[in-house]
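Undergrad: Got a structure for you, written out below as C-alpha coordinates; questions coming shortly.
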Amino acid sequence: MAGRNFLFVPGPTNVPDRVLRAMVVSMEDHRSPVFPGLARACLDGLKPIFKTTTGHPIIFPASGTGCWEAALMNCLNPGDKVIVARFGQFSHLWADMAARLGFDVEIIETPWGEGAPVERYLAALEADKQHKIKAVLVCQNETATGVSSDVAAVRKAMDSVKHPALLFVDSVSALASIDFRMDEWGVDVCVSGSQKGLMLPAGLGVTCVSQKALEAAKSAKSRRCYFDYADMVQANASGYFPYTPSIPMMYGLRESIAMLLEEGLENVFHRHAYLAAGARAAVLEGWKLKLCAVAPKWYSDTVSAIMVPEGFNGADVIARAFKRYNLALGAGLSKVAGKLFRIGHLGDLNELMLLGAIAGAELAMLDVGIKIEPGSGVAAAQNYWRANKPAAALNGVGAKSGLAA
Ligand SMILES: *Cc1c(COP(=O)(O)O)cnc(C)c1O
(Lines give C-alpha, C1' and ligand atoms only; values in the text may rest on other atoms or scores of the structure.)
Protein backbone atom coordinates (compact mmCIF):
# COMPACT_ATOMS: atom_id res chain seq x y z
CA MET A 1 0.00 0.00 0.00
CA ALA A 2 1.39 3.41 -0.91
CA GLY A 3 2.05 5.99 1.79
CA ARG A 4 2.90 5.51 5.40
CA ASN A 5 1.23 3.21 7.85
CA PHE A 6 -0.47 5.33 10.52
CA LEU A 7 0.47 3.70 13.80
CA PHE A 8 -1.99 4.78 16.47
CA VAL A 9 -2.05 1.89 18.88
CA PRO A 10 -1.03 2.86 22.42
CA GLY A 11 2.30 1.08 22.04
CA PRO A 12 4.42 0.39 20.19
CA THR A 13 4.46 4.06 19.29
CA ASN A 14 6.16 5.89 16.44
CA VAL A 15 9.94 5.86 16.74
CA PRO A 16 11.40 9.26 15.77
CA ASP A 17 13.81 9.20 12.82
CA ARG A 18 16.54 10.50 15.11
CA VAL A 19 16.12 7.51 17.40
CA LEU A 20 15.92 5.07 14.49
CA ARG A 21 19.18 6.43 13.11
CA ALA A 22 20.85 6.30 16.51
CA MET A 23 20.07 2.58 16.68
CA VAL A 24 21.80 1.72 13.40
CA VAL A 25 25.16 0.84 14.90
CA SER A 26 27.72 -1.92 14.57
CA MET A 27 27.85 -4.29 17.49
CA GLU A 28 30.53 -3.69 20.06
CA ASP A 29 32.06 -5.28 23.12
CA HIS A 30 29.86 -4.72 26.14
CA ARG A 31 32.88 -5.40 28.37
CA SER A 32 35.07 -2.77 26.72
CA PRO A 33 36.51 0.13 28.72
CA VAL A 34 34.34 2.65 26.85
CA PHE A 35 31.04 0.81 27.28
CA PRO A 36 30.26 2.33 30.72
CA GLY A 37 29.87 5.71 28.99
CA LEU A 38 26.79 4.44 27.18
CA ALA A 39 25.49 2.60 30.24
CA ARG A 40 25.80 5.70 32.43
CA ALA A 41 24.12 7.89 29.82
CA CYS A 42 21.12 5.54 29.87
CA LEU A 43 20.90 4.80 33.58
CA ASP A 44 21.68 8.31 34.84
CA GLY A 45 19.65 9.79 31.99
CA LEU A 46 16.58 7.92 33.20
CA LYS A 47 16.73 9.53 36.66
CA PRO A 48 15.10 12.82 35.62
CA ILE A 49 12.57 10.85 33.58
CA PHE A 50 11.53 8.97 36.74
CA LYS A 51 12.02 12.17 38.78
CA THR A 52 14.32 10.42 41.18
CA THR A 53 17.67 11.18 42.76
CA THR A 54 17.75 8.24 45.18
CA GLY A 55 16.15 5.48 43.08
CA HIS A 56 17.98 3.03 40.82
CA PRO A 57 16.83 2.92 37.20
CA ILE A 58 17.26 -0.58 35.78
CA ILE A 59 16.93 -1.75 32.18
CA PHE A 60 16.23 -5.42 31.59
CA PRO A 61 16.26 -6.98 28.13
CA ALA A 62 12.53 -7.58 28.47
CA SER A 63 9.28 -5.65 28.29
CA GLY A 64 7.05 -4.07 30.91
CA THR A 65 5.66 -7.49 31.82
CA GLY A 66 9.12 -8.66 32.87
CA CYS A 67 9.39 -5.68 35.21
CA TRP A 68 6.04 -6.58 36.79
CA GLU A 69 7.51 -9.97 37.60
CA ALA A 70 10.79 -8.48 38.81
CA ALA A 71 8.96 -6.21 41.28
CA LEU A 72 7.03 -9.09 42.80
CA MET A 73 9.84 -11.65 42.93
CA ASN A 74 12.58 -9.33 44.19
CA CYS A 75 10.76 -7.58 46.99
CA LEU A 76 8.35 -10.16 48.42
CA ASN A 77 8.39 -13.46 50.24
CA PRO A 78 6.49 -16.46 48.84
CA GLY A 79 2.78 -16.18 49.61
CA ASP A 80 2.95 -12.53 50.70
CA LYS A 81 -0.24 -10.54 50.47
CA VAL A 82 -0.57 -7.80 47.86
CA ILE A 83 -3.48 -5.54 47.05
CA VAL A 84 -4.43 -4.27 43.61
CA ALA A 85 -7.40 -2.50 42.03
CA ARG A 86 -8.56 -4.17 38.82
CA PHE A 87 -10.22 -1.89 36.27
CA GLY A 88 -8.91 -3.02 32.89
CA GLN A 89 -6.88 -5.65 31.09
CA PHE A 90 -3.47 -4.43 32.28
CA SER A 91 -4.34 -4.14 35.97
CA HIS A 92 -5.97 -7.56 35.52
CA LEU A 93 -2.85 -9.12 34.00
CA TRP A 94 -0.62 -7.85 36.80
CA ALA A 95 -3.02 -9.19 39.44
CA ASP A 96 -3.24 -12.48 37.54
CA MET A 97 0.55 -12.72 37.38
CA ALA A 98 0.83 -12.15 41.13
CA ALA A 99 -1.68 -14.95 41.73
CA ARG A 100 0.10 -17.29 39.32
CA LEU A 101 3.40 -16.59 41.09
CA GLY A 102 1.80 -17.73 44.34
CA PHE A 103 1.10 -14.45 46.09
CA ASP A 104 -2.06 -13.84 48.09
CA VAL A 105 -3.82 -11.27 45.94
CA GLU A 106 -6.58 -9.07 47.33
CA ILE A 107 -8.36 -7.55 44.36
CA ILE A 108 -10.38 -4.35 44.61
CA GLU A 109 -12.86 -4.90 41.79
CA THR A 110 -13.50 -1.55 40.15
CA PRO A 111 -15.75 -0.78 37.17
CA TRP A 112 -13.87 -0.59 33.89
CA GLY A 113 -13.87 3.11 33.00
CA GLU A 114 -12.94 4.23 36.51
CA GLY A 115 -9.47 4.44 38.01
CA ALA A 116 -7.78 3.53 41.27
CA PRO A 117 -10.38 3.94 44.07
CA VAL A 118 -8.25 5.65 46.68
CA GLU A 119 -10.84 5.38 49.45
CA ARG A 120 -11.10 1.61 48.96
CA TYR A 121 -7.32 1.23 49.04
CA LEU A 122 -7.42 3.31 52.23
CA ALA A 123 -10.15 1.15 53.80
CA ALA A 124 -8.22 -2.05 53.06
CA LEU A 125 -4.98 -0.64 54.45
CA GLU A 126 -6.71 0.71 57.54
CA ALA A 127 -8.31 -2.67 58.21
CA ASP A 128 -4.94 -4.39 57.88
CA LYS A 129 -3.79 -3.73 61.46
CA GLN A 130 -1.25 -6.57 61.36
CA HIS A 131 0.35 -5.23 58.20
CA LYS A 132 -0.14 -8.42 56.25
CA ILE A 133 -0.27 -6.45 53.01
CA LYS A 134 3.31 -6.21 51.80
CA ALA A 135 2.78 -4.39 48.51
CA VAL A 136 0.21 -2.02 47.06
CA LEU A 137 -0.05 -2.29 43.27
CA VAL A 138 -1.44 0.58 41.21
CA CYS A 139 -1.79 0.95 37.46
CA GLN A 140 -1.17 4.65 36.79
CA ASN A 141 -2.58 4.58 33.28
CA GLU A 142 -4.91 1.71 32.34
CA THR A 143 -4.23 1.46 28.64
CA ALA A 144 -7.21 -0.80 27.95
CA THR A 145 -9.79 1.75 29.05
CA GLY A 146 -7.96 5.08 28.68
CA VAL A 147 -8.04 5.80 32.41
CA SER A 148 -5.44 7.59 34.54
CA SER A 149 -5.19 7.31 38.30
CA ASP A 150 -3.87 9.52 41.06
CA VAL A 151 -0.80 7.72 42.39
CA ALA A 152 0.08 10.52 44.80
CA ALA A 153 -3.31 10.06 46.49
CA VAL A 154 -2.64 6.34 46.99
CA ARG A 155 0.67 7.19 48.65
CA LYS A 156 -1.15 9.72 50.86
CA ALA A 157 -3.66 7.03 51.85
CA MET A 158 -0.83 4.66 52.80
CA ASP A 159 0.90 7.35 54.84
CA SER A 160 -2.29 8.45 56.56
CA VAL A 161 -2.56 5.03 58.25
CA LYS A 162 1.24 4.65 58.51
CA HIS A 163 1.13 1.46 56.45
CA PRO A 164 4.63 0.13 55.72
CA ALA A 165 3.78 -1.76 52.49
CA LEU A 166 5.79 -1.14 49.36
CA LEU A 167 4.17 0.88 46.58
CA PHE A 168 4.51 -0.67 43.11
CA VAL A 169 3.29 1.43 40.17
CA ASP A 170 2.70 0.34 36.58
CA SER A 171 3.63 3.42 34.57
CA VAL A 172 4.16 1.57 31.28
CA SER A 173 1.85 3.84 29.28
CA ALA A 174 2.38 6.95 31.41
CA LEU A 175 6.13 7.41 31.93
CA ALA A 176 7.57 10.20 29.78
CA SER A 177 4.06 11.24 28.67
CA ILE A 178 2.06 11.81 31.87
CA ASP A 179 3.73 13.16 35.00
CA PHE A 180 5.33 10.54 37.22
CA ARG A 181 7.27 11.37 40.40
CA MET A 182 9.21 8.48 41.89
CA ASP A 183 10.66 10.31 44.90
CA GLU A 184 7.89 12.77 45.69
CA TRP A 185 5.21 10.05 45.58
CA GLY A 186 7.32 7.57 47.51
CA VAL A 187 7.09 4.91 44.82
CA ASP A 188 9.15 1.82 45.59
CA VAL A 189 9.08 0.20 42.16
CA CYS A 190 8.03 1.92 38.96
CA VAL A 191 7.47 -0.47 36.06
CA SER A 192 7.71 0.72 32.47
CA GLY A 193 8.87 -0.30 29.04
CA SER A 194 10.61 1.11 26.01
CA GLN A 195 7.84 1.10 23.38
CA LYS A 196 5.44 3.73 24.70
CA GLY A 197 6.39 7.21 25.94
CA LEU A 198 10.07 6.43 25.50
CA MET A 199 9.49 6.16 21.71
CA LEU A 200 11.61 3.04 21.18
CA PRO A 201 10.92 -0.43 19.87
CA ALA A 202 9.75 -2.97 22.45
CA GLY A 203 12.65 -4.82 24.01
CA LEU A 204 13.66 -3.00 27.17
CA GLY A 205 11.92 -3.37 30.46
CA VAL A 206 12.56 0.02 32.04
CA THR A 207 12.08 0.11 35.77
CA CYS A 208 13.16 2.12 38.80
CA VAL A 209 13.67 0.75 42.27
CA SER A 210 13.79 2.66 45.56
CA GLN A 211 16.33 2.13 48.35
CA LYS A 212 13.52 0.71 50.47
CA ALA A 213 12.71 -1.86 47.75
CA LEU A 214 16.38 -2.84 47.49
CA GLU A 215 16.47 -3.27 51.27
CA ALA A 216 13.38 -5.49 51.11
CA ALA A 217 15.01 -7.48 48.32
CA LYS A 218 17.95 -8.35 50.58
CA SER A 219 15.80 -10.57 52.78
CA ALA A 220 12.96 -11.42 50.37
CA LYS A 221 12.95 -15.14 49.65
CA SER A 222 11.03 -15.36 46.39
CA ARG A 223 13.14 -17.03 43.72
CA ARG A 224 14.61 -14.98 40.95
CA CYS A 225 17.77 -15.10 38.93
CA TYR A 226 17.62 -13.40 35.54
CA PHE A 227 15.58 -10.52 37.00
CA ASP A 228 17.58 -10.17 40.22
CA TYR A 229 17.84 -6.50 41.17
CA ALA A 230 20.97 -6.97 43.28
CA ASP A 231 22.95 -8.56 40.42
CA MET A 232 21.91 -5.73 38.14
CA VAL A 233 22.59 -2.89 40.58
CA GLN A 234 25.99 -4.35 41.45
CA ALA A 235 27.07 -4.70 37.81
CA ASN A 236 25.60 -1.32 36.85
CA ALA A 237 27.64 0.40 39.57
CA SER A 238 30.73 0.03 37.38
CA GLY A 239 28.78 0.65 34.15
CA TYR A 240 28.34 -2.99 33.12
CA PHE A 241 25.59 -5.62 33.00
CA PRO A 242 25.38 -9.13 34.41
CA TYR A 243 24.61 -10.42 30.90
CA THR A 244 24.64 -9.08 27.35
CA PRO A 245 22.54 -5.91 27.05
CA SER A 246 20.87 -4.84 23.81
CA ILE A 247 23.36 -2.26 22.63
CA PRO A 248 21.31 -0.74 19.75
CA MET A 249 18.39 -0.27 22.15
CA MET A 250 20.70 1.55 24.52
CA TYR A 251 21.86 3.91 21.78
CA GLY A 252 18.21 4.48 20.99
CA LEU A 253 17.37 5.08 24.64
CA ARG A 254 20.20 7.59 25.01
CA GLU A 255 18.79 9.48 22.02
CA SER A 256 15.18 9.36 23.17
CA ILE A 257 16.17 10.65 26.62
CA ALA A 258 18.06 13.48 24.91
CA MET A 259 14.97 14.35 22.86
CA LEU A 260 12.71 14.33 25.92
CA LEU A 261 15.09 16.57 27.87
CA GLU A 262 15.59 18.93 24.92
CA GLU A 263 11.83 19.43 24.69
CA GLY A 264 11.64 19.60 28.48
CA LEU A 265 9.76 16.96 30.42
CA GLU A 266 7.05 19.37 31.55
CA ASN A 267 6.56 20.49 27.94
CA VAL A 268 6.25 16.83 26.94
CA PHE A 269 3.46 16.40 29.51
CA HIS A 270 1.77 19.60 28.34
CA ARG A 271 1.94 18.46 24.72
CA HIS A 272 0.33 15.15 25.62
CA ALA A 273 -2.42 16.87 27.62
CA TYR A 274 -3.08 19.29 24.77
CA LEU A 275 -3.13 16.64 22.05
CA ALA A 276 -5.32 14.38 24.19
CA ALA A 277 -7.79 17.21 24.79
CA GLY A 278 -8.09 17.65 21.00
CA ALA A 279 -8.72 13.93 20.55
CA ARG A 280 -11.39 14.05 23.25
CA ALA A 281 -12.99 17.05 21.59
CA ALA A 282 -13.23 14.95 18.40
CA VAL A 283 -14.91 12.10 20.26
CA LEU A 284 -17.24 14.01 22.57
CA GLU A 285 -18.07 17.19 20.67
CA GLY A 286 -17.47 16.12 17.07
CA TRP A 287 -18.67 12.54 16.84
CA LYS A 288 -20.89 12.79 19.93
CA LEU A 289 -19.67 9.41 21.11
CA LYS A 290 -18.68 8.33 24.60
CA LEU A 291 -15.31 7.51 26.07
CA CYS A 292 -14.84 4.39 28.16
CA ALA A 293 -13.46 6.65 30.93
CA VAL A 294 -16.61 7.66 32.77
CA ALA A 295 -15.54 11.03 34.20
CA PRO A 296 -13.06 13.77 33.29
CA LYS A 297 -10.89 13.05 36.33
CA TRP A 298 -10.09 9.64 34.83
CA TYR A 299 -9.31 10.83 31.29
CA SER A 300 -5.97 9.55 30.05
CA ASP A 301 -3.63 11.87 28.19
CA THR A 302 -1.99 8.99 26.32
CA VAL A 303 -4.88 6.89 25.03
CA SER A 304 -8.57 7.43 24.33
CA ALA A 305 -10.88 4.41 24.37
CA ILE A 306 -13.90 5.27 22.25
CA MET A 307 -17.19 3.41 22.74
CA VAL A 308 -18.91 2.44 19.49
CA PRO A 309 -22.70 2.84 19.52
CA GLU A 310 -24.96 -0.08 20.44
CA GLY A 311 -25.29 -2.54 17.56
CA PHE A 312 -21.81 -1.92 16.15
CA ASN A 313 -18.59 -3.82 16.67
CA GLY A 314 -15.41 -1.88 17.41
CA ALA A 315 -13.41 -4.68 15.75
CA ASP A 316 -15.11 -3.85 12.42
CA VAL A 317 -13.96 -0.23 12.69
CA ILE A 318 -10.42 -1.36 13.43
CA ALA A 319 -10.39 -3.89 10.56
CA ARG A 320 -11.74 -1.34 8.11
CA ALA A 321 -9.25 1.32 9.23
CA PHE A 322 -6.37 -1.09 8.79
CA LYS A 323 -7.33 -2.69 5.49
CA ARG A 324 -8.66 0.32 3.67
CA TYR A 325 -6.76 3.25 5.17
CA ASN A 326 -3.53 1.70 6.51
CA LEU A 327 -4.37 3.03 9.97
CA ALA A 328 -3.66 0.92 13.05
CA LEU A 329 -6.11 1.59 15.89
CA GLY A 330 -6.11 -0.19 19.28
CA ALA A 331 -8.56 -3.00 19.93
CA GLY A 332 -10.99 -3.48 22.78
CA LEU A 333 -9.46 -6.08 25.13
CA SER A 334 -11.21 -8.77 27.16
CA LYS A 335 -14.37 -7.35 28.84
CA VAL A 336 -14.56 -4.44 26.41
CA ALA A 337 -13.73 -6.43 23.24
CA GLY A 338 -15.88 -5.18 20.37
CA LYS A 339 -17.31 -2.37 22.46
CA LEU A 340 -14.63 0.18 21.74
CA PHE A 341 -11.62 1.10 19.71
CA ARG A 342 -8.62 3.03 20.97
CA ILE A 343 -6.52 5.85 19.61
CA GLY A 344 -3.07 5.97 21.17
CA HIS A 345 -1.81 9.53 21.37
CA LEU A 346 1.57 9.23 23.00
CA GLY A 347 5.18 9.53 22.09
CA ASP A 348 6.49 11.28 19.01
CA LEU A 349 3.31 13.04 17.95
CA ASN A 350 1.90 16.37 16.78
CA GLU A 351 -1.46 17.83 15.79
CA LEU A 352 -1.34 16.84 12.12
CA MET A 353 -0.36 13.26 12.84
CA LEU A 354 -3.25 12.94 15.27
CA LEU A 355 -5.63 14.60 12.79
CA GLY A 356 -4.66 11.82 10.37
CA ALA A 357 -5.79 9.22 12.89
CA ILE A 358 -8.98 11.10 13.72
CA ALA A 359 -9.81 11.49 10.01
CA GLY A 360 -9.08 7.80 9.40
CA ALA A 361 -11.20 6.66 12.34
CA GLU A 362 -13.97 8.89 11.00
CA LEU A 363 -13.78 7.29 7.55
CA ALA A 364 -13.73 3.79 9.00
CA MET A 365 -16.71 4.49 11.27
CA LEU A 366 -18.71 5.96 8.37
CA ASP A 367 -17.83 2.93 6.22
CA VAL A 368 -19.21 0.47 8.77
CA GLY A 369 -22.40 2.53 9.10
CA ILE A 370 -21.87 4.48 12.30
CA LYS A 371 -23.83 7.70 12.00
CA ILE A 372 -21.38 10.49 12.61
CA GLU A 373 -21.07 13.73 10.70
CA PRO A 374 -18.17 13.55 8.19
CA GLY A 375 -15.42 15.93 9.28
CA SER A 376 -16.97 16.55 12.68
CA GLY A 377 -14.17 14.99 14.71
CA VAL A 378 -11.46 16.67 12.65
CA ALA A 379 -13.19 20.04 13.03
CA ALA A 380 -13.66 19.69 16.78
CA ALA A 381 -9.99 18.82 17.28
CA GLN A 382 -8.92 21.68 15.01
CA ASN A 383 -11.12 24.11 16.90
CA TYR A 384 -9.70 22.94 20.20
CA TRP A 385 -6.09 23.27 19.08
CA ARG A 386 -6.67 26.65 17.45
CA ALA A 387 -8.14 27.99 20.69
CA ASN A 388 -5.55 26.52 23.06
CA LYS A 389 -1.83 26.33 23.60
CA PRO A 390 -0.11 23.23 24.99
CA ALA A 391 0.38 24.60 28.52
CA ALA A 392 -3.12 26.06 28.64
CA ALA A 393 -4.59 22.73 27.62
CA LEU A 394 -4.32 21.61 31.21
CA ASN A 395 -7.40 23.71 31.90
CA GLY A 396 -9.12 22.87 28.66
CA VAL A 397 -11.57 20.27 27.43
CA GLY A 398 -11.74 17.40 29.87
CA ALA A 399 -8.50 18.30 31.56
CA LYS A 400 -7.76 16.23 34.60
CA SER A 401 -8.10 17.87 37.95
CA GLY A 402 -4.95 18.16 39.99
CA LEU A 403 -2.99 15.31 38.43
CA ALA A 404 -1.28 17.22 35.66
CA ALA A 405 -0.75 20.46 37.59
C1 LIG B 1 1.78 -2.05 27.43
C2 LIG B 1 1.45 -2.18 28.87
C3 LIG B 1 1.93 -3.23 29.65
C4 LIG B 1 2.66 -4.39 29.08
O5 LIG B 1 3.90 -4.08 28.72
P6 LIG B 1 4.71 -5.00 27.70
O7 LIG B 1 5.84 -4.09 27.39
O8 LIG B 1 3.81 -5.30 26.56
O9 LIG B 1 5.13 -6.22 28.44
C10 LIG B 1 1.66 -3.23 31.00
N11 LIG B 1 0.91 -2.27 31.56
C12 LIG B 1 0.41 -1.27 30.84
C13 LIG B 1 -0.42 -0.23 31.51
C14 LIG B 1 0.65 -1.19 29.48
O15 LIG B 1 0.13 -0.19 28.75
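Undergrad: Taking +1 at the Cβ of each Lys and Arg and -1 at the Cβ of each Asp and Glu, which of Ser210, Leu76, Tyr325 sits farthest along the dipole of the chain towards its positive end, judged by Cα position relative to the Cα centre?
TA: Farthest along the dipole direction, towards plus: Tyr325.
Undergrad: Something else now. Full extension from Ala295 to Asn267: what is 0.36 nm times the residue separation minus their Cα-Cα distance, to one decimal in nm? Kindly include the intermediate steps, with their values, before the conclusion.
TA: Working: separation 28, 0.36 × 28 = 10.08 nm, distance 2.48 nm.
Contour length minus the Cα-Cα distance gives 7.6 nm.
Undergrad: Lys/Arg Cβ at +1, Asp/Glu Cβ at -1, dipole of the chain taken about the Cα centre: which of Cys292, Ala174, Ala235 is farthest positive-ward?
TA: So the residue furthest toward the plus end is Cys292.
Undergrad: Under 22 Å from the Cα of Lys371, which lysines turn up, not counting those fewer than eight places away in the same chain?
TA: Lys288, Lys290, Lys323, Lys339
Undergrad: Would you look at the GNM of the chain, springs on alpha carbons closer than 10 Å, and say which of Val147, Val368, Val105 moves the most?
TA: Of the options given, Val368 has the highest mean-square fluctuation.
Undergrad: Where does the charge balance sit around Gly88 when Lys and Arg score +1, Asp and Glu -1, over other residues with C-beta under 13 Å from its C-beta?
TA: Details: positive: Arg86, Lys335, Lys339, Arg342; negative: Asp96, Glu109, Glu114, Glu142, Asp170.
Taking every Cβ under 13 Å from that of Gly88, the sum is -1.
Undergrad: Using a 1.4 angstrom probe, figure out how much accessible area region 223-351 has per residue, in square angstrom, rounded to the nearest whole. Please report the intermediate quantities before stating the final value.
TA: On the way: 5270 Å² over 129 residues.
Per residue, region 223-351 has an accessible area of 41 Å².
Undergrad: Would you work out if region 17-261 is rounded, prolate or oblate? Take a ≥ b ≥ c from the square roots of the eigenvalues of the alpha-carbon gyration tensor; rounded if a/c is under 1.5, else prolate when a/b is larger than b/c, oblate otherwise. Could you put the intermediate results ahead of the total?
TA: Numbers: a/c = 2.04, a/b = 1.58, b/c = 1.29.
The shape class here is prolate.
Undergrad: In whole percent, and with a 1.4 Å probe on the protein chains, what portion of the accessible area of region 7-80 is carbon and sulfur? Can you show the working numbers first?
TA: On the way: 1780 of 2960 Å².
About 60 percent, which is the carbon plus sulfur part of the accessible surface.
Undergrad: Would you tell me the accessible area of Ile372, worked out with a 1.4 angstrom probe on the heavy atoms of the protein chains, in Å² to the nearest 10?
TA: Here the accessible area works out near 20 Å².
Undergrad: Restricting to DSSP H runs of at least four residues, report the calculated mean residue ellipticity at 222 nm for the chain, -39500 (n - 2.57) per run over all residues, nearest 500 deg cm²/dmol. Let's see the in-between values first.
TA: Details: 13 runs with 160 residues, N = 405.
Calculated from helices alone, the mean residue ellipticity at 222 nm is -12500 deg cm²/dmol.
Undergrad: GNM, the chain, Cα, under 10 Å: largest mean-square fluctuation among Leu204, Leu72, Leu352?
TA: With Cα springs under 10 Å in the chain, the top fluctuation among Leu204, Leu72, Leu352 is at Leu352.
Undergrad: Students often get this wrong: which residues of region 190-214 have the backbone nitrogen under 20 Å from the point 7 angstrom along Cα-to-C-beta of Val24?
TA: Flagged as within label range: 199-202.
Undergrad: Using alpha carbon centroids, what distance separates region 220-268 and region 77-156, in Å?
TA: Region 220-268 and region 77-156 have Cα centres spaced 26 Å from each other.
Undergrad: With equal scatterers on the alpha carbons only and no solvent term, can you work out the Debye log10 of I(q)/I(0) for region 265-401 at 0.11 1/Å?
TA: Result of the Debye calculation: -0.34.
Undergrad: Give the accessible surface of region 97-170 per residue, rounded to a whole number of Å², with probe radius 1.4 Å and ligands, DNA and RNA excluded. Don't skip to the answer; put the middle values down first.
TA: Values: 2870 Å² over 74 residues.
About 39 Å² of surface per residue is accessible.
Undergrad: Choose one answer from Arg254, Arg223, Arg120: the residue with the largest mean-square fluctuation in a GNM of the chain with alpha-carbon springs under 10 Å.
TA: Arg223
The values are calculated or read from the model by the stated rules, or taken from the named source; none is laboratory data. Small disclaimer: the values here were computed from a predicted structure and weren't measured. As a convention, Cβ positions derive from the backbone with ideal geometry for all residues, glycine included, and neighbour counts pool all protein chains shown. Note: accessible area is taken over every heavy atom of the protein model, side chains too, but ligands, DNA and RNA are not part of it. Shrake-Rupley method; radii C 1.70, N 1.55, O 1.52, S 1.80 Å.
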